[in-house]
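Worksheet: one structure, shown below.
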Amino acid sequence: MDGLNQQQKEALLYTEGPLLILAGAGSGKTKVITHKFSYLTKAKKLSHDSILTVTFTNKAADEMKERIVALIGNNTNGSWIGTFHSQCNRILRNEIKALGYNNNFSIYDDDDECNLVRHILKEFKIHEALYKGVASRISFLKSSLVGPEEFLSSGDGFGFDEKLAKIYVRYQDELRRCNALDFDDLIMLTVKLFEKNPRLLEKYQGMFPYILVDEFQDTNYAQYYLIKLLASAHKKICVVGDDDQSIYKFRGANVRNILSFENDFPGTKIIKLEQNYRSTQNILTVSGAVISRNSARKHKQLWTARGCGEKVYYCWFHTYEEEAKYIAKVIKELYLKGRYNYRDFAIFYRINLQSRAIEDAIRDEGLPYRVLGSVSFYHRKEIKDVAAYIRLSLNHGDNVSLRRIINNPPRGIGAATLSRIEQEARKKSISLYDTIKVTLRADGFPSALKEKITDFVKMIDAFSSAKYGSASEMLRSIFEKSGYAETLEEERAKHVGELISSAEGKSIKDFIDRISLVTNMDEITAGEYISLMTLHSAKGLEFPVVFIIGLEEGLLPYYKALESENEISEERRLLYVGMTRAKDALWLTCARKRRLYTKTQYQEPSRFLKDIPMHCCQRIEKISAHHAIGLVSLEKKIIPIHPFTLYSAGCRVKHPCWGVGIVRDCYGEGDEQKITVNFPNIGLKRLAVKFANLERI
């Protein structure tokens, strides 16, 4: 228990019943979970494979395993430490035959799900552009444990829609025919497995005498229901979370789970972790003032022993370009002063569209950056393509994978041929791969085409029957023998090479499961670059210096949330999460004019800014000679701040026509500032700063 504070020790020692740990931002919850795991194995003599430990990303699970190994002194092989999806996948690989599935099922990620939905929409002659919305609706229904049959019989419940019901039934039938599960199926079918097979439920209840759940505020209904099933016998369950950090409602997360845990588990002990080890007190005071405006929450008062630190900076710019340029210059200045490295800076925004101006400004300053949380390594086209070869080789029923690779690289098996094969597959209710084999014996196909299809089938059968020593061997064989390597440019080929290297020594099934279960959240890591990401992607990270841009009505809170108090509360939690990522310095910025969705519009400061206590804010005095800035006060008004004189005698400036010169004299302030500059080839020039378009160098 060395290094734990009093509340952390109390949370570690209590094991007699249900425990809810309300862990504020930066309060050391991962430390508590890993130490509690160690305590259960050492003091309570539980085996490490009898503690079901669930978190939300593979990255978090891997970190947890490493820290537990360091504590208990031996490996965690065989332990149940992982995400909801990986744990359910492990259970279903062993037990899914009880539901009539084959246990060599494929796992479809979001891209695969969307491709299948698009295919069905095309089949039903429904506008394909709707696929994302349809896929999202299906996901919501599954996360609510509403299958196609339940949806059809729900009447007006769950937003019933006849077309959606038709698509949902077809979608689920197609998954079954492919022997495939999507991410939501992993949870929903595990629940179904336990409900239909009480003996299996008893088996797993007995296997897990203690359950630990991290990031509990992010659970959806299906995940929480699954945990309740497993904990219902012994009630030895510890959940750790923070309702103030519940920001994934759009993925089905239900903040009510953490708020109703006490009712579902009578006698629950509640422990609050309120000492923050990450941020300074000014950052905690400002973020705490914002989140306190949410009414339905568990009260927490975060504090730190780090001291007050710098005040929170707030800037109100004239345009979003000025906002971006100023942030880039601040980062460059702090870096050049040696205070921080590039990896110490992060810029958060509400929507991806906001990154363009920031990227332009950072590039203009010659600074390294990376946009995180966009395209995952495992979601790159070349990675998905070679993975599809493995998936089809392991599961011939995988229609989505077959469609992806049958003519990739080009083999002369075009869309018309595939459409004909699909029609035959629907008539016979068999997979595309089996239909192809039947097609080879049928008349009506040109012999040249039959030869091409035959070569494809022989290749997949060869991959299926070969005895590979590891996943890397299979990947290497596929890459070389499929002809795919010849179609890739150098950079994409390098990505496949990285994939092959990462598969060394790993079993094929374990490796394909692993990469199928990876999400964008697993690959967000800091490096020697400035990190740019949406606020949703920032969860779980921390940086010494954080900039949150675009604090304006319609952006944060987002315009789609403005009519619902629950949605406004979620937006407020989103801002709170962003603020509490900052360790040393926090900058909040907004602009009067911003270009969004092809048009420039006038913006108003975010309503959330009025909650910021005045005494915690820093008056920014260095911004632009063109415009003064403002500071939001508790009285809901903008207080103008005396502008900083950007230029001083002796500094060097660059004029677009006259080149570099030396400032000799300055007078006036703000919009009225004028300076005298000596340009070597021109002589002395007296300039009005607001019109001169000068750059300080």
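The radius of gyration of the Cα set in the stretch 130-187, together with its Dmax, comes out at 10.7, 31 angstrom. Rounded to the nearest whole Hz, the Karplus-based 3J(HN,Hα) values (6.51 cos²θ - 1.76 cosθ + 1.60, θ = phi - 60°) of the stretch 200-213 follow the sequence 5, 4, 4, 4, 6, 4, x, 5, 10, x, 9, 10, 10, 10, with x at glycine and proline.
Summing Lys and Arg as +1 and Asp and Glu as -1 over all other residues whose Cβ lies under 10 Å from the Cβ of LEU259 gives a net charge of +1.
As a length-normalised measure over Cα pairs under 8 Å and 6 or more apart, the relative contact order of the stretch 1-63 settles at 26 percent.
With protein chains left intact and a 1.4 Å probe, residues in the chain average 44 Å² of accessible area per residue. Summing charges over neighbours of ILE430, with a neighbour being any other residue whose Cβ is under 12 Å away from its Cβ, gives +2 when K and R count +1 and D and E count -1.
Among 678-690, 583-595, how do they line up from the highest to the lowest mean number of other beta-carbon atoms within 10 Å?
Working: 678-690: 13.8, 583-595: 22.2.
In decreasing order of mean packing, 678-690, 583-595 become 583-595, 678-690.
Each residue, GLU528 and LYS329, gets one label point 7 Å from its Cα in the Cβ direction; the gap between the two is 2.8 nm. In a DSSP loop and with at most 10 other Cβ atoms within 10 Å, the GluC sites (Glu not before Pro) in the stretch 16-67 are GLU16. For helix 29-42, what angle does its Cα long axis make with the longest principal axis of the chain, in degrees from 0 to 90 and rounded to 10? Long axis of 29-42 versus the principal axis of the chain: about 40 degrees.
How high is the relative contact order of the chain, given as a whole-number percent (alpha carbon pairs under 8 Å, six or more residues apart)? Kindly include the intermediate steps, with their values, before the conclusion.
On the way: 1165 pairs, mean separation 106.1, N = 697.
Reported as a whole number, the value is 15 percent.
When the accessible area of the chain is computed with all protein chains present and a 1.4 Å probe, what percentage of it is carbon and sulfur? Carbon-and-sulfur percentage of accessible area, whole number: 49.
Annotation note: trypsin sites (Lys or Arg not before Pro) in the stretch 329-402 located in DSSP loop regions with a Cβ neighbour count of at most 11 within 10 Å are LYS337. Bridge orientation summary for the chain: considering DSSP beta bridges with both residues in this region, about 35 percent are antiparallel.
Computed 3J(HN,Hα) for the stretch 566-580, one whole-Hz value per residue from the Karplus formula 6.51 cos²θ - 1.76 cosθ + 1.60 where θ = phi - 60°, is 5, 5, 4, 4, 5, 5, 5, 5, 4, 4, 4, 4, x, 4, 7, glycine and proline marked x. With contacts taken as Cα pairs under 8 Å at a separation of at least 6 residues, the stretch 110-190 carries a relative contact order of 34 percent.
Calculated from DSSP H runs of 4 or more alone, at -39500 (n - 2.57) each and per residue, what is the 222 nm mean residue ellipticity of the chain, nearest 500?
The helix-only estimate for the chain comes to -13000 deg cm²/dmol at 222 nm.
Here the label points at HIS234 and SER260, each 7 Å from Cα along the C-beta direction, are separated by 2.6 nm in the simple model. For the stretch 537-611 versus the stretch 422-483, the inter-centroid distance based on Cα atoms is 51 Å.
Which number do you get for Rg(Cα) / (2.2 N^0.38 Å) in the chain? Walk me through the intermediate numbers first.
On the way: Rg = 29.0 Å, N = 697, 2.2 N^0.38 = 26.5 Å.
Compared with the compact-globule rule of thumb, the chain sits at 1.09.
Placing dummy labels 7 Å off each Cα toward the beta-carbon, the span from LYS427 to ASN103 is 3.8 nm.
I'd like the Karplus ³J(HN,Hα) series for the stretch 297-313: coefficients 6.51, -1.76, 1.60, θ = phi - 60°, whole numbers in Hz, and an x wherever there's a Gly or Pro. Working through the residues one at a time gives 8, 7, 5, 9, 10, 6, 9, 9, 8, 7, x, 5, x, 5, 6, 6, 8 Hz. For the pair HIS318 and ALA296, a Förster radius of 45 Å applied to the C-beta separation gives a FRET efficiency near 0.75, rounded to the nearest 0.05.
Filter the chymotrypsin sites (Phe, Trp or Tyr not before Pro) in the stretch 96-168 to those in DSSP coil with at most 14 other Cβ atoms within 10 Å of their Cβ, and list the result. Display every interim value, and only then the final one.
Working: sites: TYR101, PHE105, TYR108, PHE124, TYR131, PHE140, PHE151, PHE158, PHE160, TYR168; in loops: TYR101, PHE105, PHE124, PHE160.
Within the stretch 96-168, the qualifying chymotrypsin sites (Phe, Trp or Tyr not before Pro) (loop, at most 14 other Cβ atoms within 10 Å) are PHE124, PHE160.
The values are calculated or read from the model by the stated rules, or taken from the named source; none is laboratory data. These figures come from a predicted structure and were not determined experimentally. A quick note on method: Cβ atoms are made from the backbone with ideal geometry, for glycine too, and the neighbour counts reach across all protein chains shown. These area figures cover heavy atoms from the full protein model, side chains too; ligands, DNA and RNA do not enter into them. Shrake-Rupley method; radii C 1.70, N 1.55, O 1.52, S 1.80 Å.
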